[in-house]
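J.: Here it is: the structure, laid out below.
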């Protein structure tokens, strides 16, 4: 043990222990002050604040990109609809026909769609999307079974829409006449069909029906963003912006527009931050505070698509830990969201609510905060341990010269002891050396005086009875005359006795005799 507690009647604490405790209290006070500052400044909440900032930044970035991408695609889709409507009407005009007549002239569909390929392809290249399509309210063979849900059209897909600088994009044709593909040197998609199956096609039916019911609404407000779905006989999920095709007589004869594939959405809106591996972005329709996950576009660094397979709806709840909550029966997420306006005022779809949201599993945020706090606690424990070690080191280091000095002082002869190089201790040792020297001199002197007094006492034994009587009167402090009166003797007799006393005691006068007597009294010896 580096310190020792000496026990006597009263508890005494060694200087080393005192210094150790002082340093320890000082260090703990400093650490407590630092912890208090950290608490006041919210550093222990840094994990939560950092998480909030990360998710807020991601949401701002994501929402801005969504607004720009979907806003631009909406504008381009409307422009594409106007351009295509005009071209189709002109092409049919060359045959003295109008768009209404397409149903009765299926033989013209291949020509119309072939002529529409170039503006469609050009629009696809200009737009940041993964596909462009055109669906006409007509079919090649009206007499076939289910012809009422089979519509002629054109669907061109860019299989690498994320490679912006590519000079030779990989273009395939998903729907349309195969001859159009051969003519334009485009491969058919592996899931190609000639016509569209519109039996379950809200991207076709909703804008068509809405445009027919509200002919007064301009086409610029008639575009419709269909929630993500899989086209019949395809495997990839897409979100489609469709705009009705309306001729100059306000006749609605089809739709056209662009698609955003789930892969393009993921590549475009991949979260920037890597702090949370399971953080993901979602563009979701909402209704009654519920996010429809099965109809959402998702982007994340892990297979967030599994989420839509496990969850159908997430309920948006109250704030928790400063975050909005999103939960199902099995899972709990924290994050933030913002309302996304996909439609302008005056649009029949204006009240369709969409949100952009950034979500993280609650476990991940708690784990991150816990990990950060454990790091800080470990750091504080390290500082405390370091403080104890430093206290032990310095209490030993700085008290070592004092301990050595005390040991030197304890020795019988500190004269030849080495210096401790501590000014105060060296001065104390020099003082003690001088003091001891003076003390020795005094002791020698006292020994000499004691030996003289002992000889004086021994000499008193040589006195005769008469001389001893006179001597005792001297002890009482009487003068020679007073002794003569007290003993009824002559003064000469007393003087004679005194002379003999002085000679036997080896003193020269009454005063010297009284000095010896006084010295004997001081050392506690009385003559009888």
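No value in this document is a laboratory result; all are computed from the given coordinates. Fair warning: this is a prediction, and the values are worked out from it, not measured in the lab. Glycine gets a Cβ as well: all are built from the backbone with ideal geometry, and neighbour counts include every protein chain shown.
J.: May I ask you to sort 226, 241, 281 by Cβ crowding, counting other Cβ atoms within 10 Å and putting the fewest first? Before the final figure, lay out the partial values.
T.: Details: 226 20, 241 25, 281 28.
Taking fewest neighbouring Cβ atoms as first place, the list is 226, 241, 281.
J.: So if we plug the beta-carbon distance of residue 453 and residue 423 into 1/(1 + (r/R0)^6) with R0 = 56 Å, what FRET efficiency do we get, rounded to 0.05? Don't jump to the answer; show the numbers that get you there.
T.: Working: r = 44 Å, r/R0 = 0.79.
That pair, residue 453 with residue 423, gives E of 0.80.
J.: Based on the Cβ-Cβ distance from residue 371 to residue 289, what FRET efficiency comes out when R0 is 30 Å, to the nearest 0.05? Don't skip to the end; give the middle numbers.
T.: Values: r = 32 Å, r/R0 = 1.07.
The value I calculate is 0.40.
J.: Ok, one more. Within 10 Å of each residue's Cβ, count the other Cβ atoms and sort 496, 268 from fewest upward.
T.: Numbers: 496 15, 268 18.
If I rank by nearby Cβ atoms, fewest first, I get 496, 268.
J.: Next up: Which order, highest average first, do 101-110, 77-86 follow once you tally other Cβ atoms within 10 Å for each residue and take the mean per peptide?
T.: Working: 101-110: 15.0, 77-86: 20.1.
Ranking the peptides 101-110, 77-86 by packing returns 77-86, 101-110.
J.: Taking the number of other C-beta atoms within 10 Å as the exposure measure, put 451, 262 in order starting with the fewest. Present the calculation step by step, with values, prior to reporting the outcome.
T.: On the way: 451 10, 262 21.
If I rank by nearby Cβ atoms, fewest first, I get 451, 262.
J.: Round to the nearest 0.05 the FRET efficiency obtained for residue 392 and residue 31 when R0 = 22 Å and r is the Cβ-Cβ distance. Show your work: numbers first, answer last.
T.: On the way: r = 16 Å, r/R0 = 0.75.
Calculated transfer efficiency: 0.85.
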